[in-house]
Amino acid sequence: MYNPKMKKWVQYFCTTSTFIKSNLCYATADRIEGPYTYKGTFLYFGFVSNTVSKTNLKAITGGTDSNRYYPNNSYDYKKFPNAIDPSVFYDFNGRLWMVYGSWSGGIYILELDESTGLPKHNINNGNNTDKYFGKKLAGGNHQSIEGPYILPHSGTGYYYLFVSYGGLTSNGGYQIRMFRSKNPDGPYVDARGRQFMGGNNADYGVKVMGNYNLPNLTNTYRAPGYSSTFRDKDWEY
(Lines give C-alpha, C1' and ligand atoms only; values in the text may rest on other atoms or scores of the structure.)
Protein backbone atom coordinates (compact mmCIF):
# COMPACT_ATOMS: atom_id res chain seq x y z
CA MET A 1 0.00 0.00 0.00
CA TYR A 2 1.06 3.62 -0.50
CA ASN A 3 1.68 5.62 2.67
CA PRO A 4 1.50 9.35 1.79
CA LYS A 5 3.13 10.50 5.05
CA MET A 6 6.10 8.21 4.54
CA LYS A 7 6.00 8.88 0.79
CA LYS A 8 6.72 5.20 0.35
CA TRP A 9 5.10 2.03 -0.86
CA VAL A 10 5.02 -0.27 2.16
CA GLN A 11 4.82 -4.05 1.95
CA TYR A 12 3.77 -5.98 5.06
CA PHE A 13 4.58 -9.68 5.18
CA CYS A 14 5.28 -12.58 7.52
CA THR A 15 8.04 -15.08 8.09
CA THR A 16 7.08 -18.40 9.63
CA SER A 17 8.53 -21.71 10.73
CA THR A 18 5.68 -23.47 12.56
CA PHE A 19 1.97 -22.99 13.21
CA ILE A 20 2.79 -20.85 16.27
CA LYS A 21 6.11 -19.27 15.31
CA SER A 22 5.70 -16.38 12.90
CA ASN A 23 6.84 -12.77 12.74
CA LEU A 24 5.47 -9.70 10.99
CA CYS A 25 7.90 -7.59 8.98
CA TYR A 26 7.82 -4.69 6.53
CA ALA A 27 9.73 -3.32 3.58
CA THR A 28 9.51 -0.03 1.67
CA ALA A 29 10.03 1.18 -1.88
CA ASP A 30 9.78 4.39 -3.89
CA ARG A 31 7.81 2.67 -6.65
CA ILE A 32 5.08 0.08 -6.45
CA GLU A 33 7.13 -2.39 -8.50
CA GLY A 34 10.12 -1.98 -6.16
CA PRO A 35 12.84 -2.71 -5.38
CA TYR A 36 11.71 -3.10 -1.77
CA THR A 37 14.14 -2.64 1.11
CA TYR A 38 13.62 -4.72 4.24
CA LYS A 39 13.17 -2.39 7.22
CA GLY A 40 12.69 -4.79 10.11
CA THR A 41 10.51 -7.09 12.19
CA PHE A 42 7.92 -5.39 14.40
CA LEU A 43 5.81 -8.22 15.90
CA TYR A 44 6.98 -11.57 17.23
CA PHE A 45 4.96 -14.65 18.09
CA GLY A 46 5.48 -18.07 19.65
CA PHE A 47 8.14 -16.83 22.08
CA VAL A 48 9.02 -18.58 25.35
CA SER A 49 11.54 -17.96 28.13
CA ASN A 50 14.67 -18.60 26.06
CA THR A 51 13.51 -16.62 23.00
CA VAL A 52 11.51 -13.69 24.41
CA SER A 53 14.71 -11.63 24.80
CA LYS A 54 15.06 -11.66 21.01
CA THR A 55 11.73 -9.86 20.63
CA ASN A 56 10.54 -6.31 21.30
CA LEU A 57 7.87 -7.41 23.82
CA LYS A 58 9.62 -5.81 26.80
CA ALA A 59 10.29 -2.59 24.92
CA ILE A 60 6.60 -2.29 24.02
CA THR A 61 4.91 -3.52 27.21
CA GLY A 62 7.55 -2.88 29.87
CA GLY A 63 7.91 -6.56 30.75
CA THR A 64 7.71 -10.12 29.47
CA ASP A 65 4.87 -11.50 31.70
CA SER A 66 5.45 -15.22 31.34
CA ASN A 67 2.18 -16.07 33.09
CA ARG A 68 0.25 -14.16 30.43
CA TYR A 69 2.04 -15.13 27.23
CA TYR A 70 3.79 -18.43 27.90
CA PRO A 71 2.57 -20.15 31.09
CA ASN A 72 4.63 -23.22 31.96
CA ASN A 73 7.04 -22.01 29.26
CA SER A 74 4.54 -22.82 26.50
CA TYR A 75 3.25 -20.07 24.21
CA ASP A 76 -0.51 -19.69 24.75
CA TYR A 77 -1.44 -20.16 21.09
CA LYS A 78 -5.13 -20.75 21.83
CA LYS A 79 -5.40 -17.22 23.24
CA PHE A 80 -2.84 -15.27 21.24
CA PRO A 81 -2.35 -15.24 17.47
CA ASN A 82 0.04 -16.79 15.03
CA ALA A 83 0.91 -13.71 13.06
CA ILE A 84 0.52 -14.24 9.37
CA ASP A 85 -1.62 -12.66 6.64
CA PRO A 86 -1.25 -8.94 7.46
CA SER A 87 -3.60 -6.61 5.60
CA VAL A 88 -3.57 -2.81 5.91
CA PHE A 89 -6.34 -0.26 5.30
CA TYR A 90 -7.39 3.34 5.97
CA ASP A 91 -10.67 3.94 7.78
CA PHE A 92 -13.25 6.59 6.90
CA ASN A 93 -11.41 9.12 9.08
CA GLY A 94 -7.98 8.53 7.56
CA ARG A 95 -6.61 6.36 10.38
CA LEU A 96 -4.36 3.49 9.36
CA TRP A 97 -4.98 -0.08 10.60
CA MET A 98 -3.52 -3.56 10.19
CA VAL A 99 -5.59 -6.72 10.57
CA TYR A 100 -3.78 -10.04 10.80
CA GLY A 101 -3.81 -13.50 12.29
CA SER A 102 -4.32 -17.17 11.62
CA TRP A 103 -5.92 -20.02 13.54
CA SER A 104 -4.39 -20.12 17.04
CA GLY A 105 -5.75 -17.17 19.03
CA GLY A 106 -7.73 -15.69 16.15
CA ILE A 107 -7.83 -12.49 14.11
CA TYR A 108 -6.39 -9.32 15.65
CA ILE A 109 -6.20 -5.65 14.67
CA LEU A 110 -3.69 -2.90 15.51
CA GLU A 111 -3.80 0.80 14.72
CA LEU A 112 -0.68 1.95 12.86
CA ASP A 113 1.25 5.21 13.09
CA GLU A 114 1.06 6.64 9.59
CA SER A 115 4.36 8.49 9.99
CA THR A 116 6.27 5.24 10.62
CA GLY A 117 3.94 2.53 9.33
CA LEU A 118 4.36 0.70 12.66
CA PRO A 119 1.83 -0.24 15.38
CA LYS A 120 0.92 2.42 17.92
CA HIS A 121 0.33 -0.13 20.71
CA ASN A 122 -2.13 2.37 22.15
CA ILE A 123 -4.46 -0.01 24.02
CA ASN A 124 -4.08 -1.80 27.33
CA ASN A 125 -4.55 -5.43 28.35
CA GLY A 126 -8.18 -6.30 28.89
CA ASN A 127 -11.02 -8.52 27.71
CA ASN A 128 -9.97 -9.51 24.17
CA THR A 129 -7.37 -6.73 24.06
CA ASP A 130 -3.61 -6.87 24.44
CA LYS A 131 -1.13 -4.00 24.38
CA TYR A 132 1.32 -5.96 22.23
CA PHE A 133 -0.94 -7.96 19.91
CA GLY A 134 -3.87 -5.56 19.67
CA LYS A 135 -7.61 -6.19 19.75
CA LYS A 136 -9.15 -9.54 18.96
CA LEU A 137 -11.85 -9.44 16.28
CA ALA A 138 -12.77 -13.10 15.78
CA GLY A 139 -11.73 -16.70 16.34
CA GLY A 140 -9.54 -18.22 19.00
CA ASN A 141 -9.06 -21.58 20.70
CA HIS A 142 -7.28 -22.83 17.55
CA GLN A 143 -10.41 -22.71 15.39
CA SER A 144 -9.61 -22.43 11.68
CA ILE A 145 -9.69 -18.80 10.58
CA GLU A 146 -7.13 -16.89 8.51
CA GLY A 147 -6.51 -14.52 5.60
CA PRO A 148 -8.34 -11.50 7.07
CA TYR A 149 -9.18 -8.59 4.80
CA ILE A 150 -11.22 -5.51 5.76
CA LEU A 151 -13.11 -3.49 3.15
CA PRO A 152 -14.27 -0.01 4.25
CA HIS A 153 -17.38 0.65 2.13
CA SER A 154 -18.36 4.32 2.16
CA GLY A 155 -21.62 3.58 0.34
CA THR A 156 -22.98 1.53 3.25
CA GLY A 157 -20.94 3.03 6.08
CA TYR A 158 -19.76 -0.43 7.11
CA TYR A 159 -16.43 -2.19 7.38
CA TYR A 160 -16.57 -5.72 5.97
CA LEU A 161 -14.27 -8.37 7.40
CA PHE A 162 -13.56 -11.29 5.07
CA VAL A 163 -11.85 -14.41 6.48
CA SER A 164 -11.15 -17.97 5.36
CA TYR A 165 -12.22 -21.11 7.22
CA GLY A 166 -11.15 -24.71 6.79
CA GLY A 167 -8.04 -26.46 5.55
CA LEU A 168 -6.18 -25.39 2.43
CA THR A 169 -6.72 -28.67 0.54
CA SER A 170 -9.23 -29.84 -2.04
CA ASN A 171 -11.20 -31.66 0.66
CA GLY A 172 -10.47 -29.31 3.55
CA GLY A 173 -13.70 -27.33 3.32
CA TYR A 174 -11.86 -24.09 2.59
CA GLN A 175 -14.31 -21.21 2.23
CA ILE A 176 -14.80 -17.45 2.61
CA ARG A 177 -16.93 -15.94 5.39
CA MET A 178 -17.89 -12.32 6.05
CA PHE A 179 -18.73 -10.13 9.05
CA ARG A 180 -19.38 -6.39 9.26
CA SER A 181 -19.02 -3.51 11.71
CA LYS A 182 -19.64 0.23 11.96
CA ASN A 183 -16.16 0.63 13.44
CA PRO A 184 -12.78 -0.40 12.01
CA ASP A 185 -11.87 -2.27 15.20
CA GLY A 186 -15.25 -3.93 15.64
CA PRO A 187 -17.31 -5.51 16.96
CA TYR A 188 -17.76 -7.53 13.73
CA VAL A 189 -20.99 -9.49 13.49
CA ASP A 190 -22.66 -11.80 10.98
CA ALA A 191 -26.16 -11.54 9.50
CA ARG A 192 -27.61 -12.78 12.79
CA GLY A 193 -25.77 -10.11 14.74
CA ARG A 194 -23.29 -12.50 16.36
CA GLN A 195 -19.57 -12.20 16.93
CA PHE A 196 -17.34 -15.23 16.48
CA MET A 197 -15.49 -15.11 19.78
CA GLY A 198 -16.01 -18.73 20.78
CA GLY A 199 -17.87 -21.89 19.88
CA ASN A 200 -17.83 -23.68 16.52
CA ASN A 201 -16.61 -21.48 13.66
CA ALA A 202 -19.07 -23.10 11.23
CA ASP A 203 -21.92 -21.43 13.12
CA TYR A 204 -20.66 -17.89 12.50
CA GLY A 205 -20.20 -15.62 9.51
CA VAL A 206 -21.98 -15.19 6.19
CA LYS A 207 -20.68 -17.78 3.74
CA VAL A 208 -19.58 -15.93 0.61
CA MET A 209 -18.00 -18.79 -1.32
CA GLY A 210 -17.06 -22.45 -0.89
CA ASN A 211 -16.54 -25.51 -3.05
CA TYR A 212 -18.90 -25.49 -6.03
CA ASN A 213 -19.61 -27.16 -9.33
CA LEU A 214 -21.17 -25.39 -12.31
CA PRO A 215 -23.49 -27.26 -14.71
CA ASN A 216 -21.84 -28.78 -17.81
CA LEU A 217 -18.33 -28.46 -16.33
CA THR A 218 -16.24 -31.53 -15.73
CA ASN A 219 -14.14 -29.87 -13.02
CA THR A 220 -15.26 -28.45 -9.69
CA TYR A 221 -13.90 -25.38 -7.95
CA ARG A 222 -12.40 -26.10 -4.57
CA ALA A 223 -10.72 -24.33 -1.67
CA PRO A 224 -11.55 -20.66 -2.46
CA GLY A 225 -10.07 -18.33 0.12
CA TYR A 226 -7.64 -15.52 0.94
CA SER A 227 -10.01 -12.95 -0.49
CA SER A 228 -9.53 -9.28 -1.26
CA THR A 229 -11.41 -6.68 -3.31
CA PHE A 230 -10.67 -3.97 -5.84
CA ARG A 231 -12.60 -0.97 -7.14
CA ASP A 232 -12.79 -0.03 -10.81
CA LYS A 233 -12.90 3.45 -12.36
CA ASP A 234 -16.70 3.52 -11.95
CA TRP A 235 -16.37 2.80 -8.21
CA GLU A 236 -17.78 -0.67 -8.62
CA TYR A 237 -16.33 -3.32 -6.27
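Considering 90, 75, 38, 26, which residue is closer than 28 Å to residue 161 by Cβ and open to solvent by 60 Å² or more (accessible area, probe 1.4 Å)? Talk me through it step by step, then tell me what you get.
Values: 75 fails: open to solvent by 60 Å² or more (accessible area, probe 1.4 Å); 38 fails: closer than 28 Å to residue 161 by Cβ; 26 fails: open to solvent by 60 Å² or more (accessible area, probe 1.4 Å).
Sole residue among the options that is closer than 28 Å to residue 161 by Cβ and open to solvent by 60 Å² or more (accessible area, probe 1.4 Å): 90.
Could you list, in sequence order, all residues of the range 126-141 that are open to solvent by less than 20 Å² (accessible area, probe 1.4 Å), part of a strand (DSSP E or B) and touching a residue at least 60 places away in the same chain (Cβ under 8 Å)? Even if it seems obvious, please write down each step before you answer.
The initial filter retains those residues of the range 126-141 that are open to solvent by less than 20 Å² (accessible area, probe 1.4 Å), namely 130, 132-134, 137-140.
In the following step, the residues that additionally are part of a strand (DSSP E or B) were identified as 130, 134, 137-138.
Scanning the range 126-141 gives a single hit, 138.
Which one of 146, 111 is surrounded by fewer than 22 Cβ atoms within 10 Å (Cβ to Cβ), acidic (Asp, Glu) and touching a residue at least 40 places away in the same chain (Cβ under 8 Å)?
Working: 146 fails: surrounded by fewer than 22 Cβ atoms within 10 Å (Cβ to Cβ).
On inspection, the qualifying residue turns out to be 111.
Quick one: residue 104 ticks every box in (1) in a loop (DSSP other than H, G, I, E, B); (2) open to solvent by less than 20 Å² (accessible area, probe 1.4 Å); (3) on the phi < 0 side of the Ramachandran plot bar one, so which box is it?
Just one mismatch for residue 104, condition (3).
For the range 142-159, give me each residue that is in a strand (DSSP E or B) and touching a Lys or Arg at 6+ places or on another chain (Cβ under 7 Å). If you could, list the steps in order and put the result at the bottom.
Of all residues in the range 142-159, those in a strand (DSSP E or B) come to 146-153, 158-159.
158, 159, listed by residue number.
Out of (1) closer than 28 Å to residue 157 by Cβ; (2) surrounded by 15 or more Cβ atoms within 10 Å (Cβ to Cβ); (3) out of contact with any Asp or Glu (no Cβ under 9 Å at 6 or more places or on another chain), the odd one out for residue 172 is which?
(1)
Only one of these is without any contact (Cβ under 8 Å) to a residue 12 or more places away in the chain and touching a Leu at 6+ places or on another chain (Cβ under 9 Å): 221, 212. Name it.
Numbers: 212 fails: touching a Leu at 6+ places or on another chain (Cβ under 9 Å).
Exactly one of 221, 212 is without any contact (Cβ under 8 Å) to a residue 12 or more places away in the chain and touching a Leu at 6+ places or on another chain (Cβ under 9 Å), namely 221.
The values are calculated or read from the model by the stated rules, or taken from the named source; none is laboratory data. Worth saying up front: this structure is predicted, and the values here are computed from it rather than measured. Quick reminder, even Gly has a Cβ in these numbers, built from the backbone with ideal geometry, and neighbours come from all protein chains shown. Each accessible area value is taken on the protein alone, full model and side chains, heavy atoms only, with ligands, DNA and RNA left out. Shrake-Rupley method; radii C 1.70, N 1.55, O 1.52, S 1.80 Å.
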